[in-house]
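Contents: one structure, followed by commentary.
The values are calculated or read from the model by the stated rules, or taken from the named source; none is laboratory data. Nothing here was measured: the structure is a model prediction, and the numbers come from that model. Counting neighbours? That spans all protein chains shown, and the Cβs are built from the backbone with ideal geometry, glycine included. When the accessible area is computed, the model is the full protein with side chains, heavy atoms only, and any ligands, DNA or RNA have been set aside. Shrake-Rupley method; radii C 1.70, N 1.55, O 1.52, S 1.80 Å.
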Amino acid sequence: MRRHLRHDRGATLIEFALVLPILLLLAYGTAELGLAWTAENRVQGAVAQAARVGASNGATRESDRDILLSLKVTLEPNVLQRVERVVVFSATDADGAVPTVCRNATGDVGNTANRCNSYSGATLRALAANGSNAATLGFSTTTSNNCATSRIDRYWCATGRHDSMADPPDWLGVWVKTTYPNPLPTFFGDFQLERTSIYRIQPDFTG
């Protein structure tokens, strides 16, 4: 009887040793998917917040600066450091596509025909938390330099955006491309995230 019990215990240990690696892999895989899902939601939340800022600003000169400031304070530091591109664009509707010319841009450029401003991750990170260096980076900050040829936000000039019910108001979109560094790279590497949020500019009923 004792020999039989010892045999059962030994068999159980062997079975557990065989199953344990599979259980660990499943646990790590589940953890990775959970982290990716959480990161995706956080990035989407930050992009939505930035788009709401732009929609609230309407035709305010500093609109793009404020959009980037919102992203800078909302994105997690490890995600912010890996942002590759931010695009502020005019959408045709709530499901409008990001203009390819601005998605694939290099540096701080844009496209007048597609009405989009495209910013590098370096510009986003360089922007001071209070926006004090916005003019130095090339954003419109005064009447005299508003959307001038040297300004990086001139391609879809904020002061030219429709914010009147008679126009009607434009759809404003924000698109961000970044990477979430996976702390548990068992099955997957880092997660590349591209998220878009589009809001209609809030109408100015005063003028």
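Tabulated data
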| read-out | value |
| --- | --- |
| Region 39-55 - phi-based ³J(HN,Hα) in whole Hz, Karplus 6.51/-1.76/1.60, Gly and Pro as x | 4, 4, 5, 5, 5, 4, x, 5, 5, 5, 5, 5, 5, 5, 4, x, 5 |
| Among 133, 87, 39 the positive-end extreme of the charge dipole of the chain (Cβ point charges) | 39 |
| Alpha-carbon spread of the chain, three principal axes, descending order, Å | 95, 34, 29 |
| Solvent-accessible area per residue for the chain (1.4 angstrom probe, square angstrom) | 53 Å² |
| Angle between the chain longest axis and helix 63-74 axis [Cα atoms, degrees, rounded to 10] | 20 degrees |
| Within the accessible area of the chain (1.4 Å probe), percent carbon and sulfur | 57 percent |
| Three-way shape call for region 65-160 based on the alpha-carbon gyration tensor, with the a/c threshold at 1.5 | oblate |
| Leading residue at positive end of dipole, the chain (Cβ point charges), from 121, 168, 20 | 20 |
| Region 136-161-region 44-68 distance, computed between alpha-carbon centres (Å) | 15 Å |
| Most mobile listed residue (63, 164, 140) in the chain, GNM with C-alpha springs under 10 Å | 164 |
| Residues with amide H under 5 Å from that of residue 162, placed H, sequence gap 5 or more | 170 |
| Heavy atoms of residue 64 accessible to a 1.4 Å probe, total area in Å² rounded to 10 | 0 Å² |
| Only Lys, Arg (+1) and Asp, Glu (-1) charged, at Cβ; the chain dipole about Cα centre in debye | 700 debye |
| Residues with amide H under 5 Å from that of residue 108, placed H, sequence gap 5 or more | 120 |
| Computed label-point distance, nm, for sites residue 38 and residue 113 using a 7 Å Cα→Cβ extension | 4.6 nm |
| Relative contact order (%) - criterion: Cα under 8 Å, at least six apart; region: the chain | 28 percent |
